[in-house]
Amino acid sequence: MTPLRGNRWRVAGLLALWLALVPAGLRAALPAGVNQGVFLGWTNALSLRDDHGKCAVVIVPEIGGRVLSYSRGGRNALLENPGSQGKTLAQFPEGFWVGGYRCDFGPNLLGRPERRTVWLGPHDVVAPRDQTIETASPSDMVTGLRLLKSFTLDPDTGSLGVVQRMVNAAPNPARQNLHDRTLCPAGGFLLLRLPKQSRHRAGWSLLRATESGSRFDGEQPSSPNAAVFGDLLVVQAAGVPGKLGSDTDAGWVAYVRGRLLFVKHFQTWRGAAYAGAGHTVEFSWSDQMAAVELFSPLTALAPGQAFDFPELWQLIELKEGVTTFEDARAAAKKIPASPFAAADSR
């Protein structure tokens, strides 16, 4: 199963059709593989399960269409925050902190209170076919964009296809990018393939404090949490907080903790303009959590156009637990080739 290729579509009619399909509540007879129930206090959680009972994903439309669990054998690869259980934006309009995965526009737009409905408010939801859930945000009050997400679980392998789509529903042109952030429990290791050609001399950069704030150092980055094995960067999420980034074009990034290897394959675009430091991947950590962030390029959208940022998630169970940098290096050999070849920028 491979998600849709990144693309720009004219979708004014498609969006109207999609929204017409969203009922006030999901129909009683859900498609195969789709279930509805309570999860950590949220009453309208939707789940997808494979045919073997090994892999499952839980999505909560009430809080931005977030993925709060992606598990194999009952082990969740994502971070759960017990303090947020059951909370909604209607109850806590000033916002609250939630774990799991979310997607938004930006990251230059993060933190603006008038935008909370996009990444923390209720999203429309529909289950259009077997093993699939789709969500849609309200219009962003700042950009006029809407965020549509599609999640499809492969019933045989448990792989999760994710398509993140930004739609320009406004009457004016827009230029924006997509930014997804996935929180995982601390204590694991990030695995990242360094690019052969990079804007950074080292192929990756480390965020350092400066007199005026902070900057990414790509000339001589070094950290006791990071080790480089050839073109493989391994980073331990523990101890003193830190953040790094890379313009990797390998099409995958992974996080391994214990015996669970979580791989996120994603599309990259050659020659495209990426916001901020130009990274396709950023990773931050503390002794509480690990955050894997992926970025699409900045994309110009005429009214009615949309842009897709596809990903494919996989959970791989290892024979032995990973506790050292060498263990993590060995685990990287288990990562399948990415289904996404680097695309030319448009």
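Computed from the coordinates by the stated procedures, all read-outs in this text should not be read as laboratory data. In this text the structure is predicted, and so the values were computed from the model without any measurement. In this analysis, Cβ positions are derived from the backbone assuming ideal geometry, glycine residues included, and neighbour counts consider all displayed protein chains.
Each Lys and Arg contributes +1 and each Asp and Glu -1, all at the Cβ; summed about the Cα centre of the range 8-336, the dipole is approximately 300 debye. Rounded to two decimals, the Cα-based Rg/Rh of the range 19-159, with Kirkwood Rh, is 0.96. Put simply, the amide H of Gly203, placed in the peptide plane, has no neighbours under 5 Å, leaving out anything fewer than 5 places away on its chain.
Does anything in the range 226-246 have its amide N under 14 Å from the 7 Å Cα→Cβ label point of Ala209, and if so which residues? The answer is 240-243, whose backbone nitrogens lie closer than 14 Å to the label point.
About the centre of its Cα atoms, the range 194-252 shows a dipole size close to 40 debye [charges on the beta carbon of Lys, Arg (+1) and Asp, Glu (-1) only; nearest 20 debye]. Note on the range 8-336: dipole from Cβ charges, positive end direction compared against Phe39, Ala29, Leu109; the farthest Cα belongs to Leu109.
Neighbours of Phe151 by Cβ distance under 15 Å: Lys/Arg scored +1, Asp/Glu scored -1, total -1. Report, in whole Å, the centroid distance computed from the Cα atoms of the range 176-205 and the range 100-167. So the two Cα centres are separated by 22 Å.
Under 5 Å between amide hydrogens, built in the peptide plane, is the criterion, and for Phe229 it picks out Val234 among residues at least 5 positions away or on other chains.
Computed from backbone phi with θ = phi - 60° and the Karplus coefficients 6.51, -1.76 and 1.60, the 3J(HN,Hα) list for the range 299-311 is 9, 7, 10, 6, x, x, 8, 9, 9, 9, 10, x, 9 Hz; x is used for glycine and proline.
For the set Lys196/Lys264; Lys243/Lys264; Lys196/Lys334; Lys149/Lys243, the pairs lying more than 23 angstrom apart at their alpha carbons are Lys149/Lys243.
Over the chain, Cα pairs under 8 Å with separation of 6+ residues give a relative contact order of 19 percent.
For Tyr274, neighbours were defined as the other residues whose beta-carbon sits under 10 Å from its Cβ, and their charges (Lys and Arg +1, Asp and Glu -1) total 0. The H on the amide N of Trp252, modeled in the peptide plane, is under 5 Å from the matching H of Phe266, each at least 5 residues off or on a different chain. Given a Förster distance of 22 Å, report the FRET efficiency between Phe229 and Glu320 from their Cβ-Cβ distance, rounded to the nearest 0.05. Rounded to the nearest 0.05, the efficiency is 0.75.
Electrostatic tally near Pro93: other residues with Cβ closer than 12 Å to its Cβ, Lys and Arg +1, Asp and Glu -1, net 0. Restricted to Cα atoms, the range 192-285 shows a radius of gyration and a Dmax of 13.2, 42 angstrom.
Dipole size of the range 231-279 about its Cα centre, with +1 on Lys/Arg Cβ and -1 on Asp/Glu Cβ: approximately 240 debye, rounded to the nearest 20. The modelled label-to-label distance for the pair Thr157/Asn108, using points 7 Å beyond Cα in the direction of Cβ, is 3.7 nm.
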